[in-house]
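The values are calculated or read from the model by the stated rules, or taken from the named source; none is laboratory data. Bear in mind the structure is a predicted one, so any value in this text is a computation, not a measurement. Cβ: placed from backbone, ideal geometry, glycine included. Neighbour counts: every protein chain shown. Areas reflect the complete protein model, heavy atoms only, side chains present, ligands, DNA and RNA absent. Shrake-Rupley method; radii C 1.70, N 1.55, O 1.52, S 1.80 Å.
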Amino acid sequence: MTTSTGTPAGTPAVLDTTGRLLYEQAEHLRAGGPAVRVEMPGGLVAWSVSRGDVAKRLLVHPHVSKDARASWPGYRPGAHPWLTAWVDVVSMFTSDGADHKRLKDLVARAFTARRIDAMRPAVETIVTGLLDALEKLRTDAPDRPVDLRTAFSYPVPTRVICDLFGVPDDQRPGMLRVIDAILDTSASPEQAGRTRDDLFAAMHALITAKRAAPGNDMTSLLLAAQQEDGDRLSEAELISTLILMIGAGSETAVALIDHAVVELLSHPGQLSVALGDPARWDDVVEETLRKHPPIMHLPLRYATADIDLGEGVTLRAGDLLLIAFGAHGRDPEANPEPDRFDIDRTDRQHLAFGYGIHYCLGAPLARLEARVALPALFERFPRLRLAGERTSLSPQPSFIGNDYRELPVLLGPVG
C-alpha cells in the first residue's frame, strides 16, 4: 500500500532538496492529510503541514512552540548544521511568549509603517543606480544576455538591508555569500558545518566593526541597547537577531522580484495593465507571492502536547513540525486554478509572510522594494525579454527558499 505522497504507508516522504519538485511535492503532501511525516536532511522526521486552515490553526495554537531549547526532546545545539540559522539561534524567530516580545520590540522600531515609507527614497536611489548600470551594459553589448538576478533583483534588497544594519562595504560580499548558503538544503553536512562557522564569523566581524565605529544603523542601536542593559539582549541573542534580520531582509524580496519578472514577461497583457495603472503593481506583487512564495517550508516548530488534527492524524508532544507556508497560496481550495497567474484574481489567499505573532516583520519592506523595483525596471527596458525558455531556468537548491539560480534576460535594443 502506498500513500498519495508516493511512499509506502508509514514511511516518511523524503523532502526533495534540489528545488525542482518544490510545487509538485507540496501538492502531494497536501493531498496526504492534515499533516504528513517527512524526512529532512540528517534523517530528521517532522510533520509537514501544507493545508492553510491547518497551518493557521497550529500557528496560533497554545501547544505549538518555536523554542527548540524548551520543546524539542533531546535537542542538541549544532547537531544538525543545516538547521543552525533556523533552530540553534536565539532570536524572536526561535522564542515564545515574553522572550519573543522582548526581542521583537528591539527591532520593531525599524519596521514601523512610517519608517518603511521613509525608506522609499533610499530604495528608489538604489534601483535607479542599478538600472543605470544595466543601461551601460546594454550600450556596451546590446545583444549579450544579462543575469538580471545578479545585476538587479539581488542587489536591490541586499543593499537596502546592509545599509539599514550598517554592514561595512568590505564585509558585504562574504556576509551575503554565507546568507545565501543557509538556504541550500542540498549541502553536505560538511558544507553546512562550514556555512555555520562562516555565518557566525561574519556576524562577529560586523559587531566588532560597529563597536569600534558605531553609526546611525540598527546594529549600532542593538549594541547600544545591549550596553545599556545587558539583560535585554545577550551576545547570543544579538548575533542571532543579526542573522535573522539580514537573512530574512534580503532573500525574500530577491525571490519576489525574480518571479514577478518571469511571470510578467510570460503574460505581456498583464504587464501592460500594470504599466498603464500604477495601482495594479500591488496586485502583481500579491499574485506573485501567492503563486511563487519566497519561502515554502520553514523549519521548525514543536508540539508541546498531543494535538488531534482529524483524519486519523494526531501530533504527539515533542513532535517536530514543518509548516509549508508556501503551499496555501497554491491550494486549489483556497485559490481556484492556482497555476494560473492572474492579477485580476479576487479573494486571493496566501501565507507567504506567515501568520500569527511570528508574521514576518519585514513584509512591508519586501513589498516596498518590489513595488519600486518592478515598474522602474519595465519602464526603463520596455523590450526586456527572457534570454531562453522559461523551462530552462534552474531553481535554487532548497526546500526552504524558492528562487532561481540566475535569470538571464535580453534588455532589448537601445532607443
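When you check L130 against the structure, is it part of a helix (DSSP H, G or I), under 18 Å from L256 (Cα atoms) and in contact with a Phe, Trp or Tyr (Cβ under 8 Å, 6 or more places away or on another chain), yes or no?
Values: part of a helix (DSSP H, G or I): yes; under 18 Å from L256 (Cα atoms): yes; in contact with a Phe, Trp or Tyr (Cβ under 8 Å, 6 or more places away or on another chain): yes.
Yes.
If I ask for residues that are among the small types (G, A, S), open to solvent by 30 Å² or more (accessible area, probe 1.4 Å) and over 19 Å from the mean Cα position of the chain (by Cα), which ones from the range 185-208 would you list?
S188, A201, A205 - these are the residues of the range 185-208 that are among the small types (G, A, S), open to solvent by 30 Å² or more (accessible area, probe 1.4 Å) and over 19 Å from the mean Cα position of the chain (by Cα).
Any residue in the range 46-63 that is closer than 16 Å to A352 by Cβ sitting within a Cβ distance under 6 Å of a residue that is in a strand (DSSP E or B)? List the pairs, counting only those 6 or more apart or interchain.
V49/I323; S50/A324; A55/V49; A55/I323
Among the residues of the range 244-258, which ones are crowded, with 24+ Cβ neighbours inside 10 Å and of a type outside the set (G, A, S)?
The answer is M245, I246, E251, T252, V254, L256, I257, D258.
Working only within the range 356-415, note down all residues that are of a type in the set (G, A, S) and surrounded by 21 or more Cβ atoms within 10 Å (Cβ to Cβ). Spell out how you get there, then give the answer.
Within the range 356-415, the first condition is being of a type in the set (G, A, S), and the residues that meet it are 356, 362-363, 366, 370, 373, 376, 387-388, 392, 394, 398, 401, 412, 415.
Those that are of a type in the set (G, A, S) and surrounded by 21 or more Cβ atoms within 10 Å (Cβ to Cβ): G362, A366, A370, A373, S398, G401.
Could you check the range 150-203 and list, in sequence order, the residues that are assigned to a loop (DSSP other than H, G, I, E, B) and closer than 23 Å to D132 by Cα?
Here is the first cut: in the range 150-203, the ones assigned to a loop (DSSP other than H, G, I, E, B) are 154, 165-168, 183-188.
Y154 - this is the single residue of the range 150-203 that is assigned to a loop (DSSP other than H, G, I, E, B) and closer than 23 Å to D132 by Cα.
Can you find a residue in the range 342-350 that is in a helix (DSSP H, G or I) and on the phi < 0 side of the Ramachandran plot? So that I can check it myself, show each step before the final result.
In the first step, residues of the range 342-350 are kept if they are in a helix (DSSP H, G or I); the result is none.
Within the range 342-350 (the criterion being in a helix (DSSP H, G or I) and on the phi < 0 side of the Ramachandran plot), the answer is no, since none of the residues qualifies.
Would it be correct to say that S234 is open to solvent by 40 Å² or more (accessible area, probe 1.4 Å), in contact (Cβ under 8 Å) with a residue 60 or more places away in the chain and out of contact with any strand residue (DSSP E or B) (no Cβ under 9 Å at 6 or more places or on another chain)? Talk me through it step by step, then tell me what you get.
On the way: open to solvent by 40 Å² or more (accessible area, probe 1.4 Å): yes; in contact (Cβ under 8 Å) with a residue 60 or more places away in the chain: yes; out of contact with any strand residue (DSSP E or B) (no Cβ under 9 Å at 6 or more places or on another chain): yes.
So S234 fits the description; yes.
Would you point out the residue of the range 204-221, among those that are part of a helix (DSSP H, G or I) and of a type in the set (G, A, S), that is farthest from F399 (Cα to Cα)? Step through it out loud before you land on a result.
Step one: filter the range 204-221 for residues part of a helix (DSSP H, G or I), giving 204-212, 218-221.
Keeping just the survivors that are of a type in the set (G, A, S) gives 205, 209, 212, 220.
Details: A205: 29, A209: 34, A212: 39, S220: 34 Å.
So, considering only residues that are part of a helix (DSSP H, G or I) and of a type in the set (G, A, S), the one farthest from F399 (Cα to Cα) is A212.
All but one of (1) crowded, with 17+ Cβ neighbours inside 10 Å; (2) within 25 Å of G19 (Cα to Cα) hold for P332; state the number of the condition that does not hold.
All conditions are met except number (1).
Collect the residues in the range 110-141 that are more than 22 Å from R371 (Cβ to Cβ) and open to solvent by 60 Å² or more (accessible area, probe 1.4 Å), keeping them in residue-number order. Working first, answer last.
As a first pass, look at the range 110-141 and keep what is more than 22 Å from R371 (Cβ to Cβ): 136-141.
K136, L137, T139, D140, listed by residue number.
Would a scan of the range 138-146 turn up a residue that is touching a helix residue (DSSP H, G or I) at 6+ places or on another chain (Cβ under 7 Å), over 22 Å from A366 (Cα atoms) and either at pLDDT 90 or above or β-branched (V, I, T) (or both)?
So in the range 138-146, the residues touching a helix residue (DSSP H, G or I) at 6+ places or on another chain (Cβ under 7 Å) come out as 146.
Then keep just the ones that are over 22 Å from A366 (Cα atoms); that gives 146.
Subsequent filtering for residues that are either at pLDDT 90 or above or β-branched (V, I, T) (or both) retains 146.
Looking through the range 138-146, at least one residue is touching a helix residue (DSSP H, G or I) at 6+ places or on another chain (Cβ under 7 Å), over 22 Å from A366 (Cα atoms) and either at pLDDT 90 or above or β-branched (V, I, T) (or both).
Restricting attention to helices (runs of 4 or more DSSP H) lying wholly within the range 1-100, give those where 2 or more residues are open to solvent by less than 70 Å² (accessible area, probe 1.4 Å) and touching a strand residue (DSSP E or B) at 6+ places or on another chain (Cβ under 6 Å). Don't jump to the end; show me each part of the working.
Working: elements: 22-32, 52-59, 68-71.
Per the criteria, 22-32, 52-59.
I need the full set of residues from the range 339-355 which are touching a helix residue (DSSP H, G or I) at 6+ places or on another chain (Cβ under 7 Å) and open to solvent by 20 Å² or more (accessible area, probe 1.4 Å), in order please.
Going residue by residue through the range 339-355, those that are touching a helix residue (DSSP H, G or I) at 6+ places or on another chain (Cβ under 7 Å) are 341-343, 345, 348-355.
Of everything in the range 339-355, those that are touching a helix residue (DSSP H, G or I) at 6+ places or on another chain (Cβ under 7 Å) and open to solvent by 20 Å² or more (accessible area, probe 1.4 Å) turn out to be D342, R345, R348, Q349, H350, Y355.
What residue, of S266, S250, is modelled with pLDDT of 95 or more, among the polar types (S, T, N, Q) and over 28 Å from R57 (Cβ atoms)?
None of the other options fit; the residue is S266.
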